[in-house]
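**Student:** Below is a structure I'd like to ask you about.
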Amino acid sequence: MRRFIPLLLVLATAPFILPTWGIAQLGFVATYIVAGTGLMLLAGYAGQLSLCHAAFIGVGAYTEAILNTQGWPFVLSMPAAGLFAAGVGLLAAWPARRLSGIAFAIATLSFGFIVQEVLTRWEALTGGNAGLSIPALDPATLFWLAGSLALTALWLLGRVLDSSSGRAWVALREDSTAAAVLGASSPAMKVQALLLAAALGGIAGALYAHQLRFVSPEQFDWVMSIELLMMLVIGGLGTRTGIVLGALFLIALPQAIGLLRDAWPAALPPAGLELFAFGLVLVLSLRFAPAGLAGWLRSL
């Protein structure tokens, strides 16, 4: 955890030196670190390309919103959001456990569509397209909470990777046949990784709900899942530092694009500019920094 000492310093001092807007942005960074930790475990270490991570975040966000309106305190509703997202993750993991590669990706993408459709159609519970509102928390309190959870998630990821299960996930990524010879059941390891990723996504969703103060189905579509994957690739797949750098990038890029819009030629429509910028940065990253920002920093 020595490498994350700067994060501890930011966590301790940011609310005292930054305006409310800056604190809120760092809170989003911490939330994406929590979500990215789960996806990094699944895609970066276990080698399973999941395209439904936004669905788990959405399930966590809706669980938090619903339980909050029922009077549940955050210390109970947030773990419940993680557990319920893990339960939904089991529904995705069971049919996909024997798939791999592009077949696994397509199966998870399809599951994400199903979850979004349920959130849209179950109007009595989710409010449908009208969404649900959720009370705001104090920005400094929310930042400290999100930051603490982000550090905890990064620490737990390190502990998991040092365990026999972590080594089995890495073996699964490198060669599933060799992993099976060593006694690691490929289907079981995929289920475990997806459940942990879903639980962390649900916890991130609970934070996300309070940060946005409103949740609706279109917020948790396939585009969000793609952005989270791009975040990890740009930050550096297979590294904890890459999660942090990718989350910083994911929050900083829209701010940079907002400044760019002011100078954007009027003849060119700005629609899709953010996805175009994401794609451009991803291509440049793969060309000039294939190990991501984390790898690039190590080479300096």
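**Student:** Being on the phi > 0 side of the Ramachandran plot and surrounded by 21 or more Cβ atoms within 10 Å (Cβ to Cβ), is that true of even one residue in region 63-71?
**Tutor:** no
**Student:** Among what's in region 209-229 and is assigned to a helix (DSSP H, G or I) and polar (S, T, N, Q), pick the residue that is nearest to the chain's Cα centre (by Cα).
**Tutor:** Among those residues, the one meeting the criterion is SER225.
**Student:** Report yes if VAL191 is touching a Leu at 6+ places or on another chain (Cβ under 9 Å), in a helix (DSSP H, G or I) and either over 23 Å from THR108 (Cα atoms) or of a type in the set (Lys, Arg) (or both), otherwise no.
**Tutor:** Criteria not met by VAL191.
**Student:** Also: Starting from residues that are part of a helix (DSSP H, G or I) and among the aromatic types (Phe, Trp, Tyr), keep the ones in region 84-128 and report whichever is surrounded by the fewest Cβ atoms within 10 Å (Cβ to Cβ).
**Tutor:** Among residues in region 84-128 that are part of a helix (DSSP H, G or I) and among the aromatic types (Phe, Trp, Tyr), the one surrounded by the fewest Cβ atoms within 10 Å (Cβ to Cβ) is TRP94.
**Student:** Output yes when any residue across region 21-28 is crowded, with 24+ Cβ neighbours inside 10 Å and under 14 Å from the mean Cα position of the chain (by Cα), and no when none is.
**Tutor:** Yes, there is a match, as at least one residue in region 21-28 is crowded, with 24+ Cβ neighbours inside 10 Å and under 14 Å from the mean Cα position of the chain (by Cα).
**Student:** Is it the case, given these coordinates, that ALA256 is modelled with pLDDT under 80, under 24 Å from PHE28 (Cα atoms) and within 22 Å of the chain's Cα centre (by Cα)?
**Tutor:** yes
**Student:** Which of (1) outside any helix (DSSP H, G or I); (2) under 15 Å from the mean Cα position of the chain (by Cα) does LEU42 not meet, given it meets every other one?
**Tutor:** Unmet for LEU42, out of (1) outside any helix (DSSP H, G or I); (2) under 15 Å from the mean Cα position of the chain (by Cα): (1).
**Student:** Return the residues of region 218-228 that are surrounded by fewer than 22 Cβ atoms within 10 Å (Cβ to Cβ), in contact with a Leu (Cβ under 9 Å, 6 or more places away or on another chain) and of a type outside the set (D, E, K, R); say none if nothing qualifies.
**Tutor:** GLN219, TRP222, VAL223, ILE226 - these are the residues of region 218-228 that are surrounded by fewer than 22 Cβ atoms within 10 Å (Cβ to Cβ), in contact with a Leu (Cβ under 9 Å, 6 or more places away or on another chain) and of a type outside the set (D, E, K, R).
Residue-wise test of (1) in contact with a His (Cβ under 9 Å, 6 or more places away or on another chain); (2) free of Cβ contacts under 8 Å to residues at least 24 places away in the same chain; (3) β-branched (Val, Ile, Thr).
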residue	(1), (2), (3)
ALA12	no, yes, no
VAL29	no, no, yes
TYR45	no, no, no
GLN48	no, no, no
GLY60	no, no, no
GLU64	yes, no, no
PRO95	no, yes, no
GLY101	no, no, no
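**Student:** Hey, can you tell me all the residues within region 230-244 that are crowded, with 22+ Cβ neighbours inside 10 Å and not in a loop (DSSP other than H, G, I, E, B)?
**Tutor:** Residues satisfying the conditions are MET231, LEU232, ILE234, GLY235, ARG240, GLY242, ILE243, VAL244.
**Student:** Could you count how many residues in region 129-165 are in a helix (DSSP H, G or I) and either within 21 Å of the chain's Cα centre (by Cα) or modelled with pLDDT under 90 (or both)?
**Tutor:** Residues that pass the stated criteria total 25.
**Student:** Quick check on region 30-42. Is at least one of its residues in contact with a Gly (Cβ under 8 Å, 6 or more places away or on another chain), of a type in the set (A, V, I, L, M, F, W, C) and at pLDDT below 90?
**Tutor:** no
The values are calculated or read from the model by the stated rules, or taken from the named source; none is laboratory data. Worth saying up front: this structure is predicted, and the values here are computed from it rather than measured. Here the Cβ is made from the backbone with ideal geometry for all residues, glycine too, and neighbour counts use every protein chain on show.
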